[in-house]
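Trainee: Structure incoming, see below.
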């Protein structure tokens with residue numbers, strides 16, 4: 001059999017795999033097309049579990065959220081607070097910095113790291129070390145978010161809507177990581 005691959009698209013990869021049987025049982029040329037299952041196997045595309053898609057979506061939301069707040073910190077601009085008017089109070093409080101760095105920078109790095117873990121889980125959904133790390137780091141993010149919500153309610157006396165979005169995203173990310181961990185046992 002001769003196998004040729006044609007790749008098309010801008011940013012998208014479309015594979016057409018054509019198997020041409022050089023000679024058939026009768027000595028004639030015949031063209032056969034692969035089944036969907038053999039095409040998936042030949043192209044290396046695997047079915048990505050739903051919890052991993054959920055993690056990718058949640059980390060993208062977290063990245064966008066943290067990037068907006070980090071940009072506001074970096075530019076010194078006032079944040080637009082659509083729901084609760086306390087964002088700028090929280091961001092300008094002394095509790096919003098660790099080692100002189102705004103917490104939004106750490107949040108941005110955390111969500112980027114979690115996106116990388118989720119992307120790796122898309123390729124290796126049953127890798128034990130990656131599954132465990134996803135749960136561990138998602139739990140650390142959820143615990144950190146709970147602590148920061150405590151600081152807002154108890155010490156700062158103001159609530160930031162972006163921090164609430166980040167906390168909800170962190171807890172949902174933990175649930176998605178646990179969901180994947182429990183459903184993808186090798």
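The values are calculated or read from the model by the stated rules, or taken from the named source; none is laboratory data. All of these numbers come straight from a predicted model, not from anything done at the bench. We place every Cβ from the backbone using ideal geometry, glycine too, and count neighbours over all the protein chains shown.
Trainee: With respect to the numbered conditions (1) surrounded by 13 or more Cβ atoms within 10 Å (Cβ to Cβ); (2) in contact with a helix residue (DSSP H, G or I) (Cβ under 7 Å, 6 or more places away or on another chain); (3) free of Cβ contacts under 8 Å to residues at least 12 places away in the same chain, which one is the sole condition not fulfilled by residue 78?
Mentor: With respect to (1) surrounded by 13 or more Cβ atoms within 10 Å (Cβ to Cβ); (2) in contact with a helix residue (DSSP H, G or I) (Cβ under 7 Å, 6 or more places away or on another chain); (3) free of Cβ contacts under 8 Å to residues at least 12 places away in the same chain, residue 78 is out only on (1).
Trainee: Only residues that are touching a residue at least 40 places away in the same chain (Cβ under 8 Å) and under 22 Å from residue 92 (Cα atoms): list them for region 114-156, please.
Mentor: Across region 114-156, the qualifying residues are 148, 151, 152, 155, 156.
Trainee: Count, please, the residues in region 84-113 that happen to be touching a helix residue (DSSP H, G or I) at 6+ places or on another chain (Cβ under 8 Å) and within 22 Å of residue 142 (Cα to Cα).
Mentor: Residues meeting the conditions: 20.
Trainee: Okay, moving on. Take the residues in region 101-113 that are over 17 Å from residue 53 (Cα atoms) and under 14 Å from the mean Cα position of the chain (by Cα), then tell me which one is surrounded by the most Cβ atoms within 10 Å (Cβ to Cβ).
Mentor: The qualifying residue surrounded by the most Cβ atoms within 10 Å (Cβ to Cβ) is 107.
Trainee: Tell me, yes or no, whether region 127-135 has at least one residue that is exposed (fewer than 12 other Cβ atoms within 10 Å of the Cβ), assigned by TED's automatic domain parsing to the domain that holds residue 54 and closer than 24 Å to residue 49 by Cα.
Mentor: Yes, that holds for at least one residue.
Trainee: I'm trying to understand the selection: among the residues of region 57-66, which are touching a helix residue (DSSP H, G or I) at 6+ places or on another chain (Cβ under 6 Å) and surrounded by fewer than 18 Cβ atoms within 10 Å (Cβ to Cβ)?
Mentor: Hit for region 57-66 is 61, nothing else.
Trainee: Still on this structure: Given the criteria out of contact with any strand residue (DSSP E or B) (no Cβ under 8 Å at 6 or more places or on another chain), in contact (Cβ under 8 Å) with a residue 60 or more places away in the chain, surrounded by fewer than 16 Cβ atoms within 10 Å (Cβ to Cβ) and assigned by TED's automatic domain parsing to the domain that holds residue 62, does residue 84 qualify?
Mentor: The answer is yes for residue 84.
Trainee: Here is a follow-up. Do we have any residue at all in region 114-126 that's crowded, with 19+ Cβ neighbours inside 10 Å, within 24 Å of the chain's Cα centre (by Cα), modelled with pLDDT under 90 and closer than 30 Å to residue 53 by Cβ?
Mentor: yes
Trainee: Can you tell me which residue within region 153-169, out of those that are buried (at least 22 other Cβ atoms within 10 Å of the Cβ) and more than 18 Å from residue 53 (Cβ to Cβ), is farthest from the chain's Cα centre (by Cα)?
Mentor: Of everything passing the filter in region 153-169, 160 is farthest from the chain's Cα centre (by Cα).
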